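Participant: Supplied in structure tokens, the structure appears directly below.
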Amino acid sequence: MTTSLTGAIADLRIDIDRLTRRLADLAAIGAIEGTEGCARLALTDEDRDGRDLVVTWMRDLGLEITTDGIGNVVGVLAGQIDGPPVMCGSHIDTVRTGGRYDGNLGVLAGLEVVETLLTAGVTPRRPIAVAFFTDEEGARFAPDMLGSLVYVGGMALEDALDISAIDGARLGDELVRIGYDGPAPLPAAPPHSFVELHVEQGPVLEQEGITIGAVESVQGISWTEVEILGQSNHAGTTPMHLRKDPGFVAAACAAFARELALDLGHPQVATVGRVEFFPNLVNVVPARATFTVDLRNTDEATLQESERRFAEFLQTTAEAEGCTVTTTPLARFEPVLFDPAVVDLVAGAAEDLGHSVKRMPSGAGHDAQMLARVCPTAMVFTPSVDGISHNPAEYTAPGDLEAGANVMLHTMLSLTELTFDDTTLSEPTTTEATDA
Ligand code: HGY
Ligand code: MN
Ligand code: MN
């Protein structure tokens, strides 16, 4: 379904200088010195300050702002009719080595859509909402996409509030501490539809010289924390055959994860991203090693095979080393398909605006994969230079930012005119995320 806009509406364009200014102002909060990036881990003081700035911009635009019990914030621009809004949004929390576009672009482009309509004196037929969801990254509090998962009813609020951070803090306490434990009910009433603009965070669009990604799906994600207990011992006096070294087991698993992904082939990926030894000293065979493994694939069966093979290797290697293993699931989401009708609108808007467009899957997780459980949803990608993300050097050229935001504007305007009757909602995953 492609609904081409007509007349003055079709001529609407966002203001890229205003958008890049907001991106810079938000990136200044938690700025990583000497880079363009920023660090605003979920529910930290930096996250609070970023939230406060975006809420101020929402208020300045006259949006009706609500905050819910997990700290998701939604600003609504009234439409000609009442009812569920056409929603856009993403996240403004970042990883520790965050870029200024990951998540932030989708939220600030949403504010740009609103300001473009207000400036042109256009009242959309349906209300338009702009949202930022709590803890999309999952880097401090797992699982990722936590705020949007609770928003759509995929996890009970009380369970989410009890999640512990990697630094030991309790999520609910941090939410109160930063003043974002809001009253809006959860799960939220489903929007009419949802569109998320996001940088691709991979190399595909740049390598193929394409400006817009019309995202059709998000691959499955599996996160596990592994704790291995051995026996701390003297590094100098303990013969190798007498060691029970969890550090060796952790290192062997990290190497196996790479071999496993290469053996299964693209698009399988595997990452050991967090490793902690105790006592973490140069001359002590570790007593304990804790690490995380992130496995992903677009195909659920292959993702399950990667989980099974990794678990087998872990168990065998730990036993051979005389160590014991405890695993804690941190996140598990099956692959998600977006609504073909909305994907068509994204591709149609890109073509109407004269941009090259490619239908593609997402390697990264996004809030859109949760909203897809409750309403017709799709995503718009813009190219990432050198495919870099989760790195302060993350960069997308202003022309591509502008193209992506205009495609989102036009997709949303089409959606405000549409009524969905028999949509193909994405199947909710049968495997819910688990508590951390
Ligand atoms: O992990 C992810 O894919 C996302 O950045 N939360
Ligand atoms: Mn993101
Ligand atoms: Mn991210």
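Participant: Given a 10 angstrom Cα cut-off, can you work out which residue in ALA405, ALA39, ALA318 is the most mobile in a GNM of the chain?
Facilitator: Maximum among the listed residues: ALA318.
Participant: Using alpha-carbon pairs under 8 Å, 6+ residues apart, how would you state the relative contact order of the chain in percent?
Facilitator: Numbers: 1064 pairs, mean separation 100.5, N = 436.
After rounding, I find 23 percent.
Participant: Hey, what angle do you get for helix 340-352 against the long axis of the chain, alpha-carbon based, 0 to 90 degrees rounded to 10?
Facilitator: It is inclined by approximately 60 degrees.
Participant: Still on this structure, I have one more. For a quick check: with amide H placed at 1.01 Å from N, whose amide H comes under 5 Å from ALA31's, ignoring anything fewer than 5 positions away on the same chain?
Facilitator: Those lying under 5 Å, H to H, from ALA31 are ALA39.
Participant: Oh, and also: Give the separation of the Cα centroids, segment 128-207 to segment 91-124, in Å.
Facilitator: Here the answer is 16 Å between Cα centres.
Participant: Sorted by mean Cβ packing within 10 Å, highest first, what order do the peptides 211-222, 65-76 take?
Facilitator: On the way: 211-222: 24.5, 65-76: 22.8.
Result, highest mean Cβ count within 10 Å first: 211-222, 65-76.
Participant: Using only the alpha carbons of segment 160-224, determine the length spanned along each of the three principal axes and report them from longest to shortest in whole angstroms.
Facilitator: On the principal axes, segment 160-224 reaches 46, 34, 22 Å in Cα extent.
Participant: Applying a 10 Å radius around every beta-carbon, put 332-343, 45-56 in order of their mean neighbour count, most first. Don't jump to the answer; show the numbers that get you there.
Facilitator: Values: 332-343: 21.9, 45-56: 18.4.
Ranked by mean Cβ neighbours within 10 Å, highest first: 332-343, 45-56.
Participant: Further question on the same structure: What is the percent of Cα-Cα separations in segment 169-273 that go past 22 Å?
Facilitator: Numbers: 3669 of 5460 pairs.
Every Cα pair in segment 169-273 considered, those over 22 Å come to 67 percent.
Participant: Return the Rg/Rh value of segment 344-402, two decimal places, where both radii are evaluated on C-alpha atoms and Rh is the Kirkwood radius. Each step should come with its number before you reach the end.
Facilitator: Values: Rg = 13.2 Å, Rh = 13.3 Å.
Radius of gyration relative to Kirkwood radius: 0.99.
Participant: Follow-up. Where the eigenvalues come from the Cα gyration tensor of segment 214-304, what are the semi-axes √(5λ) of the equivalent ellipsoid, largest first, in whole Å? Each step should come with its number before you reach the end.
Facilitator: Working: eigenvalues 229, 31, 16 Å².
So the equivalent ellipsoid measures 34, 12, 9 Å along its semi-axes.
Participant: Taking the Cα of MET240, stepping 7 Å toward and past its beta carbon, and measuring to each backbone N in segment 254-296: which are under 19 Å?
Facilitator: Backbone N within reach: 254-256, 283-286.
Participant: Give the separation of the Cα centroids, segment 374-395 to segment 25-50, in Å.
Facilitator: Each part reduced to its Cα centre gives a spacing of 18 Å.
Participant: Dipole of segment 220-333, Cα-centred, from +1 at each Lys and Arg C-beta and -1 at each Asp and Glu C-beta, to the nearest 20 debye? Don't skip to the answer; put the middle values down first.
Facilitator: On the way: 9 positive and 14 negative charges, 61 e Å.
Here the size comes out at about 300 debye.
Participant: OK, next. Mind checking which of VAL284, VAL275, VAL226 has the largest fluctuation in a GNM of the chain, springs on alpha carbons under 10 Å?
Facilitator: So, out of VAL284, VAL275, VAL226, the one fluctuating most is VAL284.
Participant: Sorted by packing (mean other beta-carbon atoms within 10 Å per residue), highest first, where do 87-100, 287-300 land?
Facilitator: Values: 87-100: 26.1, 287-300: 20.9.
Top to bottom by mean Cβ count within 10 Å: 87-100, 287-300.
Participant: Express the relative contact order of segment 220-333 as a whole percentage, based on alpha carbon pairs under 8 Å and six or more residues apart in sequence.
Facilitator: About 45 percent, as a whole number.
Participant: Continuing with the same structure: What translational diffusion coefficient, to the nearest whole µm²/s, does the chain have by Stokes-Einstein, given a Kirkwood radius computed over alpha-carbon pairs, a temperature of 25 °C and 0.890 mPa s viscosity?
Facilitator: Details: Rh = 22.4 Å.
Diffusion coefficient, whole number: 110 µm²/s.
Participant: With no solvent and one point per C-alpha, what does the Debye sum give as log10 I(q)/I(0) for segment 255-325 at q = 0.21 Å⁻¹?
Facilitator: Log10 I(q)/I(0), no solvent term: -0.93.
Participant: Could you tell me what % of all Cα pairs in segment 85-238 have separations over 20 Å? Each step should come with its number before you reach the end.
Facilitator: Numbers: 7274 of 11781 pairs.
Counting every Cα pair in segment 85-238, those more than 20 Å apart make up 62 percent.
Participant: Put HIS234, HIS198, HIS241, HIS355 in order of accessible area, largest first, 1.4 Å probe: what do you get? The partial results should precede the final answer.
Facilitator: Details: HIS234 100, HIS198 0, HIS241 150, HIS355 50 Å².
Ranked from most to least accessible, the order is HIS241, HIS234, HIS355, HIS198.
The values are calculated or read from the model by the stated rules, or taken from the named source; none is laboratory data. Every value quoted in this text rests on a predicted model; they were computed, and no experiment measured them. Cβ sites come from the backbone with ideal geometry, for glycine too, and all protein chains shown count toward neighbours. With ligands, DNA and RNA removed, areas are computed over all heavy atoms of the protein, side chains included. Shrake-Rupley method; radii C 1.70, N 1.55, O 1.52, S 1.80 Å.
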